[in-house]
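Input: a single structure, listed below in structure tokens.
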Amino acid sequence: MVEAVKGKCDIPQILLDAKVIMNSTSLRGGTTKQSHETTAIAGNAKQSHHTKFSDRTQQSFTVPFEEIKANDWDLSINRYKEMVYEEIEYEKPETLIAQIKDLDKQRNDALLNLEKMMG
């Protein structure tokens, strides 16, 4: 099931990362090659997760526990999400008015032609 939605959203990757991390936690005390590999994979998963979800301008991001605690456990997304506003540049009002007048003239000309055709 995870493979069916892989690449379409972040949830499958989060689940896979969590599984690796959970498995590595139970194996940390071991000295086998496999436990070292699992620990290395878990470290990469943690780093990958942190990198993926550290940008607060994105839809999904993480917030450190201490920051949530300092904000009196407020889980409102707007408290933590960074909004990026893009400045929109509009044409000068004189230019817009000239364009409106031109369109109005074209509309009037089309209406006059229609009236002539109707006769």
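Listing for the model above:
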quantity: Test: residue in region 59-82 that is among the polar types (S, T, N, Q), at pLDDT 90 or above and either over 39 Å from the mean Cα position of the chain (by Cα) or on the phi > 0 side of the Ramachandran plot (or both); calculated: no
quantity: Qualifying residue in region 79-95 (condition: under 30 Å from residue 14 (Cα atoms), part of a helix (DSSP H, G or I) and without any contact (Cβ under 8 Å) to a residue 12 or more places away in the chain); calculated: yes
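The values are calculated or read from the model by the stated rules, or taken from the named source; none is laboratory data. Worth saying up front: this structure is predicted, and the values here are computed from it rather than measured. For neighbour counting, all protein chains shown are included, and Cβ atoms are generated from backbone atoms with ideal geometry for every residue, glycine included.
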